[in-house]
Amino acid sequence: MRIDVDSERIVAELDTLAHFSDTEPPAVTRIVYSEADQRARAWLKELCLAAGLAVREDAIGNLFARWQGSDASAGAVGTGSHIDAIPHSGRYDGTVGVIGGLEALRALRRSDFTPRKSIELLAFISEEPTRFGIGCLGSRMLCGNLTAESAGLLTDRESRPLEAVRKAAGFTGGLASVILPAQYYSSFVELHIEQGPILEQERIPLGVVTSIAAPAALRILIEGEGGHAGAVLMPKRRDAFLGAAEIALAVETGALGTGAVDTVGTCGLVEVFPGLANSIPSRVRLELDVRDTDVARRDSVLQNIAQACQDVAARRKLQITSTTLNADAPATCGPAVVAALEDACRADGITYRGMVSRAYHDSLFMSRIAPTAMLFIPCKGGVSHRPDEYAAPEDLANGARVLARTLAALAS
Ligand code: GLV
Ligand code: MN
Ligand code: MN
């Protein structure tokens with residue numbers, strides 16, 4: 001089957017999408033339910049409608065655009081990714097899977113293909129943890145990993161309840177309705193930039209993902225005693241930031257200590273109260289991210305961090321409380337979807353290699369309810385979550401075309 005994707009259109013649409021942002025180009029900031037996010041979503045809905053797809057949104061804000069297949073009883077083939085973007089990031093993370101997925105559907109609709117199974121494009125809500133502290137909010141709820149009750153307890157960084165925020169954004173239905181019926185999808189496949197350097201370094205145009213690493217995130221509150229930076233002598237201090245600094249170093253020591261390259265630990269959020277040079281920190285909030293391809297090894301790092309919290313609390317006379325925001329299992333991709341991707345690469349004469357995804361994706365959760373795999377395209381220098389993120393037009397086109405061929409095979 002001949003499949004023609006329009007790479008200029010993909011590039012132009014990614015460019016338009018990048019301008020729905022709360023920071024100046026090239027940086028992109030699109031926090032879930034923000035005005036920029038809402039405007040981007042309205043624009044995307046128009047694109048999906050213009051492509052002849054049936055659009056619906058669920059109560060949390062996942063967006064579905066469906067090409068109805070001839071067999072209404074068969075589970076749909078899903079594809080898609082996310083359009084929210086962390087502060088000061090780039091234009092390709094997630095968006096490539098949504099715009100590339102849409103172009104894959106448009107290309108198939110332009111061809112003589114008619115699907116037996118429905119093909120559905122998804123834009124998942126809040127893949128990034130920026131606002132509510134937990135990543136993959138939409139896909140977690142779709143697959144039942146996060147219940148309506150637990151989601152109902154979430155608050156954003158300004159302590160606004162998710163319930164109020166989503167309703168203000170126009171998503172007013174009951175959260176219990178978000179979970180998908182069993183067998184809703186027969187398979188799922190997500191196109192994404194690699195977010196790592198391997199494809200570029202090895203000059204291989206496509207990566208077929210066979211597993212996704214296990215992510216975990218912790219929020220740690222450290223309470224000590226504030227005071228005057230000149231008047232309180234060093235032996236008398238209970239400085240919350242110094243405790244936090246030791247815990248941050250324990251994250252690094254723990255990740256390095258496994259001896260495995262696949263273990264990574266990051267302490268990316270530090271809030272110091274009251275946050276003044278001449279005032280001893282009385283309170284600190286840390287948020288940590290620990291990941292590994294091996295869940296037992298990841299959990300051993302979490303245990304080391306818990307131990308470090310206890311030691312630091314005792315030695316520095318601090319109160320330290322740790323909350324697990326998430327500690328997810330890794331995903332193994334569905335062999336049939338991996339094979340469909342590999343067949344599509346071969347049919348297009350494109351070289352590919354198998355890969356592990358060290359970043360997490362909505363596919364981590366979609367794999368809980370349907371055979372799932374991912375297709376990676378190279379990104380310049382392996383850079384992601386930065387304004388200089390870049391994917392070349394020919395790689396975008398390869399990704400969309402192989403995705404289209406894969407969707408066609410899965411939906412036949
Ligand atoms: C997703 O953005 C991740 O942090 O892996
Ligand atoms: Mn991301
Ligand atoms: Mn992403």
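The values are calculated or read from the model by the stated rules, or taken from the named source; none is laboratory data. Note that the structure is predicted; figures quoted are calculated from it, not measured. Counting neighbours? That spans all protein chains shown, and the Cβs are built from the backbone with ideal geometry, glycine included. For accessibility, only protein heavy atoms count, side chains too; no ligands or nucleic acids. Shrake-Rupley method; radii C 1.70, N 1.55, O 1.52, S 1.80 Å.
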Original post:
Angle, helix 35-50 long axis vs. longest principal axis of the chain, Cα atoms, 0 to 90°, nearest 10?
Top reply: 10 degrees
Subject >> Most fluctuating residue given options 293, 321, 372, as computed from a GNM of the chain linking Cα atoms under 10 Å >> reply: 321
Original post:
Heavy-atom accessible area of residue 55 with all protein chains present, probe 1.4 Å, nearest 10 Å²?
Top reply: 50 Å²
Original post:
Stretch residue 261-residue 176 to full length: gain in nm at 0.36 nm per residue minus the Cα-Cα span?
Top reply: 26.6 nm
Original post:
When the accessible area of the chain is split by element with a 1.4 Å probe, what percent falls to carbon and sulfur?
Top reply: 53 percent
Original post:
Against the longest alpha carbon principal axis of the chain, how many degrees, from 0 to 90 and to the nearest 10, is the axis of helix 393-411 turned?
Top reply: 70 degrees
Subject >> Amide H contacts under 5 Å for residue 357, placed H, 5+ residues apart >> reply: 210, 211, 212, 213
Subject >> Within a Gaussian network of the chain (alpha carbon springs, distance under 10 Å), most fluctuating of 184, 92, 352 >> reply: 184
Original post:
Excluding residue 21 itself, what net charge comes from residues whose Cβ is under 12 Å from its Cβ, given Lys and Arg +1 and Asp and Glu -1?
Top reply: -3
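In Å², and per residue, what accessible area does the chain have when probed at 1.4 Å with the other protein chains present? Spell out each step's value before the answer.
Details: 16970 Å² over 412 residues.
Using a 1.4 Å probe on heavy atoms only, each residue of the chain averages 41 Å².
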**OP:** Extending each Cα 7 Å along its Cβ direction at residue 295 and residue 184, get the distance between those two points in nm, one decimal.
**Re:** 2.3 nm
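On a 1.4 Å probe surface of the protein chains, which of 252, 127 comes out largest in accessible area, and what is the full order?
On the way: 252 100, 127 10 Å².
Descending order: 252, 127.
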Original post:
Tell me, how many Å apart are the Cα centres for the stretch 3-55 and for the stretch 344-378?
Top reply: 22 Å
Subject >> For the chain, built as a Gaussian network whose Cα springs stay under 10 Å, the top-fluctuating residue of 381, 226, 259 >> reply: 259
Original post:
Mind checking the angle between helix 295-316 and the chain's longest principal axis? C-alpha axes, 0 to 90 degrees, to the nearest 10.
Top reply: 20 degrees
